[in-house]
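Participant: One structure follows; several queries about it will come next.
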Amino acid sequence: MTWRIILILTLALPPGLRAGNATKPQADKQYKSAPCSGADITPCSDDTTGNARVDKQDKPAAAPCLLADETPCPDDTTGNARADKQDKPAAILPATPDPNYLIGPLDVLSINVWKEAELSVNVPVRPDGKISLPLLNDVEAAGMTPMALTASLTEKLKKYFADPRVAVTVKEINSRRVYILGQVARPGAYSLTPQMTVMQALSTAGGLGQYAGLKNIYVLRMQDGKQVKLPFNYKGFIRGKNADQNVFLLPEDTIVVP
């Protein structure tokens, strides 16, 4: 009798209880499978690092590198700010490589004062040998080398700046000229380069013309207030003769090719 009662009660139980293992509540399964909320500070179940997603999302984005900012940019491996790199003045090729070149009237100079754009200008040397600059007004330049003028301007600017850095470059040479006339390809005035000879000057003018008098070329030069005539026999020179006639030219010399 007793075993019949137990059998009836067993059959009346739910299938889950009949197996002997109670199933977990459905709500619990739904809780675990619910998507991770970004606003929840509890670590997500699918985050293998153990850190909450909200921590990842809250990390600030890298700030863009500002060129005007003095703080070094993240991609600047040298540790210097990009702004400092841009402040460096661009290199200017001089009109002459001769460091002993003497500045003369009508030359054009490039004056560059580091980080002072208003003082960085290109100025011509006036016929009186002076240049005009902001703050300094008239400054003597003729008869000085670029290095000497640099030192002079640096000293004068110390009245206005703690550590002025000045660079002077001869941009155009107009004070030292020679003139080539007659039977040449391009007659005219030419800038006199250091140690320019008669042959070099003729080459600069494009060479001799078809009807040039090769034996009768001469150089006109002022000496002691008088004009002298220096002969140059081109035909003899190219044959290895009259080497002494291929003289170094001086400012204002005139070569005549009849």
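The values are calculated or read from the model by the stated rules, or taken from the named source; none is laboratory data. Given the structure is predicted, the values throughout are model-derived calculations rather than measurements. With ideal geometry, Cβ positions are generated from the backbone for all residues, glycine too; neighbour counts draw on all protein chains shown.
Participant: Considering the range 109-123 alone, what residues qualify as being over 17 Å from L157 (Cα atoms) and surrounded by fewer than 16 Cβ atoms within 10 Å (Cβ to Cβ)?
Facilitator: N122
Participant: Looking at I217, I255, can you tell me which residue is surrounded by 15 or more Cβ atoms within 10 Å (Cβ to Cβ), within 27 Å of P105 (Cβ to Cβ) and not polar (S, T, N, Q)?
Facilitator: Answer to the selection: I255.
Participant: Out of (1) surrounded by fewer than 15 Cβ atoms within 10 Å (Cβ to Cβ); (2) modelled with pLDDT under 95; (3) on the phi < 0 side of the Ramachandran plot; (4) touching a strand residue (DSSP E or B) at 6+ places or on another chain (Cβ under 8 Å), the odd one out for Y211 is which?
Facilitator: Answer for Y211: the failing condition is (4).
Participant: Are any residues in the range 194-220 assigned to a loop (DSSP other than H, G, I, E, B) and farther than 26 Å from N100 by Cα, and if so, which ones? If you could, list the steps in order and put the result at the bottom.
Facilitator: First, pick out the residues of the range 194-220 that are assigned to a loop (DSSP other than H, G, I, E, B): 194-196, 205-207, 209-216.
Matches in the range 194-220: G206, G207, G209, Q210, Y211, A212, G213, L214, K215, N216.
Participant: Pairs under 6 Å by beta carbon, first residue assigned to a strand (DSSP E or B) in the range 221-234, partner of a type in the set (K, R) and at pLDDT 95 or above, six or more apart or different chains?
Facilitator: Close Cβ pairs (under 6 Å, with a partner that is of a type in the set (K, R) and at pLDDT 95 or above) amount to V228/R221.
Participant: Exactly one of (1) in a loop (DSSP other than H, G, I, E, B); (2) in the same structural domain as N137 (by TED's automatic domain parsing); (3) touching a strand residue (DSSP E or B) at 6+ places or on another chain (Cβ under 7 Å) is unmet by A167. Its number?
Facilitator: With (1) in a loop (DSSP other than H, G, I, E, B); (2) in the same structural domain as N137 (by TED's automatic domain parsing); (3) touching a strand residue (DSSP E or B) at 6+ places or on another chain (Cβ under 7 Å) applied to A167, the lone miss is (1).
Participant: Then there is this: Taking the residues in the range 149-164 that are crowded, with 17+ Cβ neighbours inside 10 Å and more than 24 Å from the chain's Cα centre (by Cα) as candidates, determine which candidate is nearest to V125 (Cα to Cα). Break it down stepwise before answering.
Facilitator: From the range 149-164, those crowded, with 17+ Cβ neighbours inside 10 Å are 149-150, 152-154, 157, 164; that's our starting set.
If we keep only those that are more than 24 Å from the chain's Cα centre (by Cα) as well, we get 152, 157.
Numbers: S152: 16, L157: 19 Å.
Restricting to residues being crowded, with 17+ Cβ neighbours inside 10 Å and more than 24 Å from the chain's Cα centre (by Cα), the top hit is S152.
Participant: Do we find a residue being basic (K, R) and surrounded by 16 or more Cβ atoms within 10 Å (Cβ to Cβ) anywhere in the range 183-198?
Facilitator: For the range 183-198, residues basic (K, R) and surrounded by 16 or more Cβ atoms within 10 Å (Cβ to Cβ): absent.
Participant: Same structure again: I'd like the residue in the range 141-164 that is free of Cβ contacts under 8 Å to residues at least 12 places away in the same chain and not in a loop (DSSP other than H, G, I, E, B) and, out of all such residues, is farthest from L250 (Cα to Cα).
Facilitator: Across the range 141-164, the extreme among qualifying residues is E155.
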